[in-house]
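Beneath this line is the structure, given in structure tokens, with notes to follow.
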Amino acid sequence: MTQAMAPSEREALLNRLRTAAATSAAQGENWPLLLADLLGGVEATWQESAEVCADAAWQARSIGRSALLFLDPQEIARHDDLTRARALRHLYLNGLRYDFRCHSIESLLGTLASPGRHELDCYTRALRAFALLAQSNSRGYTLMEEVLAQAGDHVKTLHVLLHGLWLAHGLAGRERAMFHILGRKAFADRVDPIALFREATAHRGLGRYAQALAAIDEAVEHLPPAAVNVHADFVRERCLIIAIHEMRDRYLT
């Protein structure tokens, strides 16, 4: 089914799945199980599952319907259908990611990656790298490079890695690693507001305040008008850049 459809038709199909999940979440139903069944029914690739599940998990969380409220991690671990199990995994792990529950991600993936189980897909391994990087664990770099070698320019996977680096504190090489990812072809057009937001953070970490301010202003220009909460994060980053810059100027002059 995946190969028989034109890319535009396939994307339209995935959008219908997104809409079905959003409707189910708004009605208080077990939307993660519904979405996993739908993704299994269309034989979604790991890339498609990542794209749909990351968006659905974020949107449901924003209305108080986090995937964590509906899914049992034990159920994810024992599901027999690989496509559905992968979707449930993507949904639950993104729920943990958006809540910054890095230890929980490590614990769950330690169980799922036990001997005898099927190999974890690239996006799931990216989420594991996220958990390590977000805790400033340098072991995350090794896994990050393995993921990058397989992920290519899959944007959702790259964003997971950037998210982990953004959360890291005091991790040597953090900013260099962020620019390594941001330099990929997927972000070459410089219209992705979240990527520009991460770029601003990386510049700030290196003391490049003019570049940081330019990046965050560019990010705001590309942010959708309805993204109110994200806009607030961007404004906080802009204020932080200015405050640190002014403080350094005051004490170094």
**Message:** Just to be sure I understand the filter: pairs with C-beta atoms under 8 Å, separated by 6 or more residues or on different chains, first member in region 80-93 and touching a residue at least 60 places away in the same chain (Cβ under 8 Å), second member of a type outside the set (Phe, Trp, Tyr) and open to solvent by 30 Å² or more (accessible area, probe 1.4 Å). Which pairs pass?
**Reply:** 92/68; 92/73
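Just checking, which of 175, 199 is without any contact (Cβ under 8 Å) to a residue 60 or more places away in the chain, crowded, with 23+ Cβ neighbours inside 10 Å and among the charged types (D, E, K, R)? Give the steps one after another, and end with the answer.
Values: 175 fails: crowded, with 23+ Cβ neighbours inside 10 Å.
One residue alone meets the criteria, 199.
Does region 96-111 hold any residues that are out of contact with any Phe, Trp or Tyr (no Cβ under 9 Å at 6 or more places or on another chain) and part of a helix (DSSP H, G or I), and which are they? Before you say what the answer is, go through the steps one by one.
Within region 96-111, the first condition is being out of contact with any Phe, Trp or Tyr (no Cβ under 9 Å at 6 or more places or on another chain), and the residues that meet it are 96, 99-101, 103-104, 106-107, 109-111.
Within region 96-111, 96, 103, 104, 106, 107, 109, 110, 111 qualify.
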**Message:** All but one of (1) free of Cβ contacts under 8 Å to residues at least 24 places away in the same chain; (2) more than 30 Å from residue 46 (Cβ to Cβ) hold for residue 188; state the number of the condition that does not hold.
**Reply:** (2)
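Only one residue in 48, 29, 11 is under 21 Å from residue 122 (Cα atoms), without any contact (Cβ under 8 Å) to a residue 24 or more places away in the chain, out of contact with any Cys (no Cβ under 9 Å at 6 or more places or on another chain) and acidic (Asp, Glu). Which one?
11
Rundown of residues vs (1) modelled with pLDDT under 95; (2) out of contact with any Asp or Glu (no Cβ under 6 Å at 6 or more places or on another chain); (3) of a type in the set (S, T, N, Q); (4) open to solvent by 10 Å² or more (accessible area, probe 1.4 Å), yes/no style:
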{"residue": "1", "(1), (2), (3), (4)": "yes, no, no, yes"}
{"residue": "15", "(1), (2), (3), (4)": "no, yes, yes, yes"}
{"residue": "22", "(1), (2), (3), (4)": "no, yes, no, yes"}
{"residue": "31", "(1), (2), (3), (4)": "no, yes, no, no"}
{"residue": "65", "(1), (2), (3), (4)": "no, yes, no, yes"}
{"residue": "68", "(1), (2), (3), (4)": "no, yes, no, yes"}
{"residue": "73", "(1), (2), (3), (4)": "yes, yes, no, yes"}
{"residue": "95", "(1), (2), (3), (4)": "no, yes, no, no"}
**Asked** When region 99-120 is examined, which residues are found to be modelled with pLDDT of 95 or more and surrounded by 18 or more Cβ atoms within 10 Å (Cβ to Cβ)?
**Response** 102, 104, 105
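Working only within region 223-253, note down all residues that are outside any helix (DSSP H, G or I) and surrounded by 10 or more Cβ atoms within 10 Å (Cβ to Cβ). Outline the logic, then answer.
Taking region 223-253 as the starting set, the residues that turn out to be outside any helix (DSSP H, G or I) are 223-227, 253.
Passing the criteria: 223, 227.
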**Complete:** Inside region 212-222, the number of residues satisfying the requirement of being crowded, with 18+ Cβ neighbours inside 10 Å and in contact with an Asp or Glu (Cβ under 9 Å, 6 or more places away or on another chain) is 4
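The values are calculated or read from the model by the stated rules, or taken from the named source; none is laboratory data. Keep in mind that this is a model prediction, so the values were computed, not measured. With ideal geometry, Cβ positions are generated from the backbone for all residues, glycine too; neighbour counts draw on all protein chains shown. SASA here: full protein model, heavy atoms, side chains in, ligands and nucleic acids out. Shrake-Rupley method; radii C 1.70, N 1.55, O 1.52, S 1.80 Å.
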